[in-house]
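Worksheet for the structure shown next.
The values are calculated or read from the model by the stated rules, or taken from the named source; none is laboratory data. Keep in mind that what you see is a predicted model, and the values were worked out from it rather than measured. Cβ sites come from the backbone with ideal geometry, for glycine too, and all protein chains shown count toward neighbours.
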Amino acid sequence: MSSTRFDPSGPLRGSLRPPSDKSISHRAALIAAMGEGETTIEGYLDAADTRSTLAAVEAVGVRVEGSPEEGLRIEGVGLRGAGPATIDVGNAGTLLRLLPGWLAGQVGESWILDGDESIRRRPVDRIALPLRQMGARLSAREDRLPPLEIEGAPLTGITCEMPIASAQVKSCLLFAGLLAEGETRVVEPLPSRDHTERMLAAAGASIARDGDVVVVRPAERLEPGPISVPADISSAAFFIVAASLVGGSEVTLEEVNVNPTRTGLLAILERMGAAIAREDETEVGGEPIARLRVRSAPLRATEVGGAEIPLAIDELPLVALAACFAEGTTVIRDAEELRRKESDRIETVTAALRALGGKVEATADGMVVEGSGGLRGGATESHGDHRIAMLGAVAGLASTEGVEVRGMDAAAVSYPGFEADLAALLRS
């Protein structure tokens with residue numbers, strides 16, 4: 001386990017393009033694998049999680065050529081052409097939850113999905129239950145934990161009313177619906193990120209939204225065109241919060257995905273008083289992008305809940321960090337989904353911030369943070385969670401005494417170059 005110290009810093013200044021979007025990269029590789037012919041992908045994220053997805057599609061017979069840096073060429077096997085395999089998903093929860101939707105409807109083949117120690121603690125029952133209702137044959141340890149065994153079977157479309165908004169569960173069911181008889185309807189309690197819908201529509205699938213319902217019909221083939229992956233707002237978020245907290249900072253982040261289903265953090269921080277400007281908004285590969293210019297600013301407390309939660313689910317730990325520096329008491333609620341991430345992020349974030357001098361209390365579905373004007377510093381554990389590792393780094397820059405992050409190597413899951421990019425902004 002690596003240990004890295006992040007001392008209080010001067011202003012962050014300069015410009016960079018954050019890594020490519022992890023969510024879109026996963027989906028790009030999977031949809032290309034389902035497609036007919038060759039799909040090119042530009043800007044694919046090169047990180048541990050997304051490499052697991054490339055290895056997974058290769059394991060079922062998909063040809064992958066090129067590299068994330070130079071561009072990928074993926075020769076799909078079609079919707080029904082995946083071969084049997086034992087698949088190591090590594091630490092990639094998105095892969096664990098999306099891939100079964102495609103495999104479950106391919107009759108006559110079987111697969112086993114397993115992963116690292118963290119993955120073996122992440123439940124799959126929320127995809128297994130609706131897939132079984134469609135006719136899928138699945139088995140799991142204790143009926144809810146990996147390894148997950150899949151035996152391809154004929155599927156029938158259902159109407160699934162999701163109790164909790166989850167783009168991963170929704171995407172799994174939409175993939176299954178492509179192979180099912182009749183239409184599949186997914187009812188969301190709140191809107192979640194819609195990358196899967198955008199990409200399936202671009203590949204020729206019959207998919208539409210009707211209010212809070214996403215409807216997909218069976219398909220014979222997908223024909224993805226060239227795919228370009230924008231920069232990931234979830235990775236940009238660490239620099240957005242760092243620049244907001246460290247006095248005198250001004251940072252420009254290029255080509256950031258500003259899909260409305262992903263920009264909850266921006267709305268929350270702006271409500272807290274953050275100085276964030278969007279410039280040069282355009283579209284790449286069907287996704288809106290913009291340049292984000294962020295300056296340091298004093299923050300005030302806020303309440304976060306309801307429809308905002310799925311729009312900022314991966315960034316809520318950073319909201320809690322920012323709240324430690326804000327004036328007043330911030331409440332995060334309706335975020336029970338945080339307990340199902342790489343770690344129980346309600347508990348790990350609460351423990352991390354309290355270890356650094358923060359006044360934070362965990363609740364059943366969120367956190368209460370009493371702003372104290374800053375953090376003292378100290379030491380914190382990543383618990384193998386990439387976002388907790390990078391949160392500790394940002395906390396160190398803004399603290400009075402610095403922070404030692406134990407397990408900083410976990411950042412490589414989504415952002416292998418995080419420390420180098422952070423150092424570049426501190427040198428500028």
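If a residue must be surrounded by fewer than 17 Cβ atoms within 10 Å (Cβ to Cβ) and more than 22 Å from the chain's Cα centre (by Cα), how many such residues does region 162-191 contain?
Total meeting the criteria: 3.
Might you let me know whether region 194-206 holds any residue that is of a type in the set (Asp, Glu) and either within 23 Å of the chain's Cα centre (by Cα) or not assigned by TED's automatic domain parsing to the domain that holds THR400 (or both)?
Yes, region 194-206 contains at least one residue that is of a type in the set (Asp, Glu) and either within 23 Å of the chain's Cα centre (by Cα) or not assigned by TED's automatic domain parsing to the domain that holds THR400 (or both).
Let me spell it out: the conditions are (1) in contact with an Asp or Glu (Cβ under 7 Å, 6 or more places away or on another chain); (2) surrounded by fewer than 20 Cβ atoms within 10 Å (Cβ to Cβ), and THR400 meets all of them except one. Which number is the exception?
Looking at each condition in turn, THR400 falls short on (1).
Among the residues in region 383-390, are any in contact with a helix residue (DSSP H, G or I) (Cβ under 9 Å, 6 or more places away or on another chain) and surrounded by fewer than 24 Cβ atoms within 10 Å (Cβ to Cβ)?
Yes, the conditions are met somewhere in region 383-390.
Could you count how many residues in region 267-308 are in contact with a Pro (Cβ under 9 Å, 6 or more places away or on another chain) and on the phi > 0 side of the Ramachandran plot?
Going through region 267-308 one residue at a time, the tally reaches 2.
Cβ contacts < 8 Å: first residue surrounded by fewer than 14 Cβ atoms within 10 Å (Cβ to Cβ), restricted to region 57-69; second residue part of a loop (DSSP other than H, G, I, E, B), any location; separation 6+ or different chain. Result?
SER67/ASP46; GLU69/ASP46
Might you let me know whether region 224-239 holds any residue that is at pLDDT below 95, surrounded by fewer than 17 Cβ atoms within 10 Å (Cβ to Cβ) and not polar (S, T, N, Q)?
Within region 224-239 (the criterion being at pLDDT below 95, surrounded by fewer than 17 Cβ atoms within 10 Å (Cβ to Cβ) and not polar (S, T, N, Q)), the answer is yes, since at least one residue qualifies.
Every residue in region 71-88 that is closer than 17 Å to TYR44 by Cβ and of a type in the set (A, V, I, L, M, F, W, C), please.
Across region 71-88, the qualifying residues are LEU72, ILE74.
Would you be able to say whether some residue in region 384-392 is touching a residue at least 24 places away in the same chain (Cβ under 8 Å) and more than 25 Å from the chain's Cα centre (by Cα)?
No: region 384-392 contains no residue that is touching a residue at least 24 places away in the same chain (Cβ under 8 Å) and more than 25 Å from the chain's Cα centre (by Cα).
Under 6 Å by Cβ, and 6 or more places apart or on different chains, what pairs join a residue from region 329-345 that is free of Cβ contacts under 8 Å to residues at least 60 places away in the same chain with one that is assigned to a loop (DSSP other than H, G, I, E, B) and of a type in the set (Val, Ile, Thr)?
Final answer for the pair search is THR330/THR302; ASP334/ILE309; ALA335/ILE309.
Could you tell me which of the residues LEU391, LEU426, LEU321, LEU338 is farther than 24 Å from ALA48 by Cβ and of a type in the set (A, V, I, L, M)?
Exactly one residue qualifies, and that residue is LEU426.
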